[in-house]
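Below is one structure, written out as structure tokens; the observations come after it.
The values are calculated or read from the model by the stated rules, or taken from the named source; none is laboratory data. Just so we're clear, the structure is a prediction, and the values are computed from it rather than from any experiment. All Cβ positions, glycine included, derive from the backbone under ideal geometry; neighbour counts span all protein chains shown. In case anyone asks, the SASA skips ligands and DNA or RNA and just uses the protein heavy atoms, side chains included. Shrake-Rupley method; radii C 1.70, N 1.55, O 1.52, S 1.80 Å.
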Amino acid sequence: MARRAATDSYPARWRKSVHRARTTLRRSGVDYFRGDGSDWIALAGLLLTIPVITCATLINPLWCSPAALALPIVAGGLLLRPASLLGLYATAATALIVESLGLGPYDDGPGRVTPGIVLVVAACGLFGLVLAQFRARVGVPWRRGGTMLFDLRERIRVQSALPRLPQGWHREMALRPAGGQSFSGDFVVAARTNGGRTLEAVLTDVSGKGMDAGSRALLLSGAFGGLLGSLPPHGFLPAANGYLLRQDWDEGFATSIHLVLDLESGDYELFSAGHPPALQLHSGSGQWEEKAAEGPLLGVYDGAQFDAVKGSLAPGDVLMLFTDGLVEASDRDIAEGIDRLTGEADRYVTTGFEGAAWHLIEACAKDVNDDRALLLLFRKA
């Protein structure tokens with residue numbers, strides 16, 4: 001009984017109430033910043049700032065201008081939903097009227113509510129309302145928009161990671177989007193199939209560049225990753241072509257090159273869909289050879305055929321797959337770009353190709369306004 005009385009005492013009940021209030025507030029804040037909860041916390045906070053600003057303006061209008069009411073209005077445009085925003089605007093308009101009556105006519109001296117201040121506050125309100133309506137239409141609160149874009153970028157990066165290769169092989173991938181953006185229309189999907197004996201890698205260049213092509217690149221990388229290894233090598237590009245045709249995009253084409261490499265023997269097959277040729281360095285002769293397979297662009301017409309070209313990587317050989325942004329530019333054709341790429345790659349013959357992919361992009365196409373990607377495979381001697 002004594003224990004129950006202690007539990008039901010006023011301090012115990014007060015602590016429980018405080019704990020429940022803190023838990024509810026914390027849960028509401030988490031839900032709000034995740035975009036799942038009500039915006040009443042932000043609305044209450046902004047509504048409280050308006051009388052504080054109004055009082056400060058009436059006390060000292062020279063240090064706290066009536067235009068300071070634009071601050072909670074701008075913050076509300078970023079934080080609140082359109083319905084809540086209208087309530088904030090009504091409160092701010094009331095505060096502006098109170099300040100105008102309290103400070104007197106605007107021609108009596110500085111620190112008054114002038115027509116220019118009214119226009120500035122109204123313009124901020126209109127701008128915030130447009131932002132809030134846009135967020136409501138998209139369905140993504142601003143506080144999650146950056147998180148979603150970051151997640152999109154990380155998914156593309158993770159899906160472009162190359163699997164580990166057995167001893168004696170080196171692989172690396174470098175990707176540089178157009179204009180220094182975080183999103184690219186170039187991507188790689190790769191997997192080890194056939195019990196780990198075979199490396200299959202697909203380098204794809206989606207039409208468009210940068211953020212315009214980033215969403216389509218994410219969709220295609222997921223689809224291509226599901227197809228890779230689920231179909232025989234000769235069936236991958238026809239299936240990918242059919243997938244693109246079913247999307248019915250305005251810019252629905254892409255170029256792609258599919259490598260099927262036997263990691264034990266070094267033999268490989270290349271399937272191409274309108275993609276630039278691969279380059280192989282023969283360590284014995286020190287010469288570069290273009291490996292060009294035949295095939296149309298993906299997403300152009302149904303029933304396309306893709307013929308393979310075969311080759312073999314001996315110890316010391318290098319194979320490079322790249323997108324056209326690395327070798328093409330408005331002031332040069334692809335042959336000149338390939339010559340430049342092979343010339344820069346020759347510098348790594350004696351030192352090894354570890355870390356070479358990114359430096360090759362920097363040396364050959366640093367300032368090109370196009371997505372650039374390079375996949376490099378080196379069979380160590």
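In table form, for the structure just shown:
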item: Cα-centred dipole magnitude for the range 268-329, charges only on beta-carbon of K, R (+1) and D, E (-1), debye, nearest 20; result: 160
item: Dipole-positive endmost among Val309, Met320, Gly284 within the range 278-381 (Cβ charges, Cα centre); result: Gly284
item: Distance-filtered residues of the range 311-330 - backbone nitrogen under 20 Å, label point 7 angstrom along Asp346 Cα→Cβ; result: 316-321, 327-328
item: Area accessible to solvent at Tyr268, 1.4 Å probe radius, in Å²; result: 10
item: Residues of the range 247-276 with amide N under 14 Å of the 7 Å Cα→Cβ point at Ser312; result: 262-269
item: Under Karplus coefficients 6.51, -1.76 and 1.60, residue-wise ³J(HN,Hα) of the range 260-274 in Hz, glycine/proline x; result: 10, 10, 7, 6, 8, 9, x, 6, 8, 10, 10, 10, 10, 10, x
item: The range 239-381, accessible surface, carbon-and-sulfur percent (1.4 angstrom probe); result: 45
item: Pairwise centroid distance, computed over Cα atoms, of the range 297-354 with the range 47-110, Å; result: 62
item: Accessible area in square angstrom per residue, the range 91-130, 1.4 angstrom probe; result: 57
item: Probe 1.4 Å - accessible area at His19, Å² to nearest ten; result: 110
item: Phi to ³J(HN,Hα) by Karplus 6.51 cos²θ - 1.76 cosθ + 1.60 over the range 218-226, Hz, x for Gly, Pro; result: 5, 5, 5, 5, x, 5, 5, x, x
item: Net length gained if the chain between Gln133 and Arg15 were fully extended (0.36 nm per residue, minus Cα distance); result: 38.3 nm
item: Accessible area of the range 259-309 divided out per residue, in Å², using a probe of 1.4 angstrom; result: 43
item: For Ile73, solvent-accessible area (1.4 Å; no DNA, RNA or ligand), Å²; result: 10
item: Per-peptide average of other Cβ atoms within 10 Å, ordering 274-284, 305-315 highest first; result: 274-284, 305-315
item: Cross-link reach list, aspartates and glutamates versus Lys380, counting only Cα pairs under 17 Å and skipping chain neighbours closer than eight places; result: Glu172, Asp262, Glu264, Asp267, Asp317, Asp346, Glu354
